[in-house]
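Worksheet: the structure to be examined is printed underneath.
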Amino acid sequence: MILHILNRSPGSSLVYREALAGMGPEDRLLLIEDGVQGALTSQARHFESLGGRLFALREDLASRGLEGRCDASVQVVDVDGFVVLTEEADKTVSWF
Amino acid sequence: MASTEIARYLEVEGRQVPLDPEGYLVELDDWTPAVARAMAAEEGCELTYEHWEIIEVLRNFYARFETSPAMRPLVKAVSQALGPEKGGSLHLMKLFPDSPAKAGARLAGLPKPANCL
Amino acid sequence: MQYPTVPPAGDVLVILRHSPHGSSWLREGLDAALVAAAFGQAVSLLFQSEGVLALVKGQGPGPLGQKGTSATLDMLAMYDIESLFLDAVALARLGFSSDELQLTARPVDQAATAELIAGHRLVLTF
C-alpha cells in the first residue's frame, strides 16, 4: 500500500487527477493543507473512485473551519493518524 | 556551479586570471591551454598527452551538455571518445588523483561538477 | 499506442510535472535524478501533465539568457538514465505526438502509471 499525499484543492489544481491516476487499488489518499477542501461534501465526488481510502487531516480542516463539513466518505485523521498511515505504507508519494 | 567570488589570481603568460576559492576559473572564457598548464604546474604536475585527451573530452562534454560531468558520465564520455581502457576509472585516477571529475573540470576550465562528492 | 506490459522497476522514480522555464521545478527534478544516478541508483523519469513539454524539440534559453533544460535532457543517457516514460493523455491534450519530441519516452496510461509508482522504491514528484 502506498500513501499518496495531496495538498492542493480540486478547485485550484488538476494535480488531483494525476494523484488518482497514480494510485493502485489498495493505495490511500490523504488530503492535507489546501487539499482538505477536497473533503467537503461539495467536492468529495472528485474522489469517489477511492471508496473508503480517502483521508483528510483534522488539523488542516479545523484551522479552516471545515471539520464538520466533511463528506461521509472521508476518514478524518489527526497528526498521530497521519503517522500511523505513513507507518502502514510501503512508501509515500507527494502531489503538489 | 561556477562561483563568482575571486579568491586569488593565477599568473599566466603575464595575465592575471581570477580563480574562485576552490581554484576554478571565475570566467570560463579565460581558459587557454596555458591556463591549464599553469594550474597543473602549481600542483607540481606536468600535463601529458593523456591529460590533454581527457581535457578535450571534458570540454566537449560541457559544450554539448552545458554541465560538468560527475564521475560516472565522465567515465562514459571518455570510453566513448577514447575507448574503454582510457575510460576506466583507474586510468582517470592515475591522471587526476583523488577526484578525476573535479580535478579534470578545474584543469579543463569548467565549473565544479555539481552532482559529485 | 504501445503501453508497457511488464511493470518497470527501479530504485528511484522522478515524476516531472512542470514545464520548462516557468519555474525551477523541472530543473530541480532533473538535478535530483542526476544526483541519484551519479550514486549508482537505477533512475526512471515520468514526464507527466505539463512536464511533457520538457520533451518538445527546439527549446532554447529564456529571453534573458536563462539556461534551458534541453541540454540536460540530452545528457541523461550519459548518466545511464534511459528509462523514460510520458503521460500519453497529457501529450495528446497539448496537441503533440511522440515523433515531435527530443527524446524517446514510453507512453503510459493510468494503469501503467500506478504500476510505475509501485515498482520503484522511492518516488519523488517535482
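Some notes on this structure:
- Anchor B:LYS112: lysines whose Cα lies under 21 Å away (excluding residues fewer than 8 positions away in-chain): B:LYS76, B:LYS94, B:LYS102, C:LYS67
- The packing ranking of peptides C:97-108, A:1-12, highest mean first, is A:1-12, C:97-108, where packing means the average number of other beta carbon atoms within 10 angstrom of each residue.
- Total charge dipole magnitude, chain B, about the Cα centre, Cβ charges on Lys, Arg, Asp, Glu only, Debye to nearest 20: 460 debye
- Exercise: per-residue mean of other protein chain Cβ atoms within 10 Å, C:67-78: 4
- Per-residue mean of C-beta atoms belonging to partner chains within 10 Å, peptide C:23-34: 1
- Shown is the FRET efficiency for A:SER73 and B:ALA63, computed with R0 = 41 Å from the Cβ-Cβ distance and rounded to the nearest 0.05: 0.15.
- Counting only other chain Cβ atoms within 10 Å of each residue's Cβ, the peptide C:112-124 averages 4.
- Calculated mean residue ellipticity, 222 nm, chain C: -7500 deg cm²/dmol, from DSSP H runs (n ≥ 4) at -39500 (n - 2.57) each, averaged per residue and rounded to 500.
- Under a model in which nothing but the beta-carbon of Lys, Arg (+1) and Asp, Glu (-1) is charged, region B:49-107 shows a dipole of about 160 debye around its Cα centre.
- Under a model in which nothing but the beta-carbon of Lys, Arg (+1) and Asp, Glu (-1) is charged, region A:2-95 shows a dipole of about 360 debye around its Cα centre.
- At R0 = 25 Å, FRET efficiency that the Cβ-Cβ distance of C:SER98 and C:ALA9 yields, to 0.05: 0.60
- FRET efficiency for the pair B:ALA41 and C:GLU28, taken as 1/(1 + (r/R0)^6) with r the Cβ-Cβ distance and R0 = 45 Å, rounds to 0.70.
- Ranked C:LYS57, A:LYS91, criterion: other C-beta atoms within 10 Å, fewest first: C:LYS57, A:LYS91
- Semi-axes of the equivalent ellipsoid of chain C are 21, 18, 12 Å, computed as sqrt(5λ) over the eigenvalues of the C-alpha gyration tensor in descending order.
- Our compactness index for the protein assembly as shown, the C-alpha radius of gyration over the empirical 2.2 N^0.38 Å, is 1.21.
- Helix-only arithmetic for chain A: the sum of -39500 (n - 2.57) across DSSP H runs with n ≥ 4, divided by the residue total, places the mean residue ellipticity at 222 nm at -6500 deg cm²/dmol.
All of the numbers you see were taken from the coordinates with simple rules; none came from a lab. The structure presented is a predicted model; accordingly, all values stated were derived computationally and were not measured. Positions of Cβ are backbone-derived with ideal geometry, glycine not excepted, and every protein chain shown enters the neighbour counts.
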